[in-house]
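The values are calculated or read from the model by the stated rules, or taken from the named source; none is laboratory data. All figures in this text were calculated on a predicted structure; none of them were measured in a lab. Note that we place each Cβ from the backbone using ideal geometry, even for glycine, and neighbour counts take in every protein chain shown.
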Amino acid sequence: MTWRAEVLTLFPEMFPGPLGQSLAGRALADGVWSLRTHDIRAHGLGRHRAVDDTPFGGGAGMVMRPDVLDAALSAVMASVPQGTPVVYPTPRGRLLRQADVRRYAGGTGVVVLCGRYEGIDERLLEARAIEQVSIGDYVLSGGEPAAMVMLDACVRLLPGVMGSALSGEEESFSDGLLEYPLYTRPETWEGRSVPDILLSGHHAAIARWRHAASEMATRQRRPDLWAVHAGRAGRAGDDLP
Ligand code: ADE
């Protein structure tokens, strides 16, 4: 069955953008997933199709109206399978992790509500089951690039999308560690040699070396991930983060 991405946005022309290229683009062309955009402006009010207004309490910028967004969202929800998650990308959300991506990819699809301006009215988020998700601790000008990041991460996990099934299992985060470093030809470049062990043909030793390298990178660069990994040492079977 085709995995469905439904994107509500004021800028439908931004899509598919990078999602139309490479791995995701090929999967889109092959019908592994579908991408539909819905112009929020179509539900705007009055002659100017207004979708936003000034914030109560004062302050800079504009806030997207809950009634307008709800009309746009209801129209989309009527056409997707029950239980399809609705995701609102926002720097105020909880951090998107690979476990979330696996959950989304394992379902029938996602509805993504892209906000612009300062944000959207809080009451809509309270009244509807909307997951607020951040892709990192920095602020984008809108939800669209974040939606693309999320969708890219989901699509590559869909059955048949990745060339080698193994590459999905071995990569960063599948075991809560960063990926080990990679090398290819030439064997020596600018006086730097590929680690001997990788040329040895000794598969078990290579696997041990890579695991140690993963642990070292994680400890040095991501103490937050390392703390989780170390804390669950010996607990097999789960797959944080
Ligand atoms: N919209 C603006 N900034 C964002 C972020 N960091 N993550 C998700 N959505 C956003």
**Item:** Residue ranges of helices (runs of 4 or more DSSP H) in the range 27-129 with at least 2 members touching a helix residue (DSSP H, G or I) at 6+ places or on another chain (Cβ under 9 Å), closer than 27 Å to R156 by Cα and in the same structural domain as A146 (by TED's automatic domain parsing)
**Value:** 98-105
**Request:** Kindly check whether there is at least one residue in the range 70-81 that is small (G, A, S) and within 16 Å of the ligand (Cβ to nearest atom).
**Result:** no
**Message:** Can you tell me which residue is modelled with the lowest pLDDT among those in the range 153-166 that are surrounded by fewer than 16 Cβ atoms within 10 Å (Cβ to Cβ) and not aliphatic (A, V, I, L, M)?
**Reply:** S164
**Asked** So which of V110, V139 ends up being surrounded by 14 or more Cβ atoms within 10 Å (Cβ to Cβ) and not charged (D, E, K, R)?
**Response** V110
**Prompt:** Are any residues in the range 173-210 in a loop (DSSP other than H, G, I, E, B), in contact (Cβ under 8 Å) with a residue 12 or more places away in the chain and not acidic (D, E), and if so, which ones?
**Reply:** F173, S174, G176, L177, L178, Y180, P181, Y183, P195
**Request:** State all residues of the range 113-148 that are farther than 20 Å from M77 by Cβ, within 10 Å of the ligand (Cβ to nearest atom) and either among the hydroxyl-bearing types (S, T, Y) or in contact with an Asp or Glu (Cβ under 9 Å, 6 or more places away or on another chain) (or both); if no residue qualifies, say none.
**Result:** R116, S134, Y138, S141
**Request:** For F173, work out the one condition from (1) closer than 26 Å to R103 by Cα; (2) of a type outside the set (A, V, I, L, M); (3) at pLDDT 95 or above it doesn't fulfil.
**Result:** (3)
**Message:** What's the total number of residues in the range 130-156 that are acidic (D, E) and assigned to a helix (DSSP H, G or I)?
**Reply:** 2
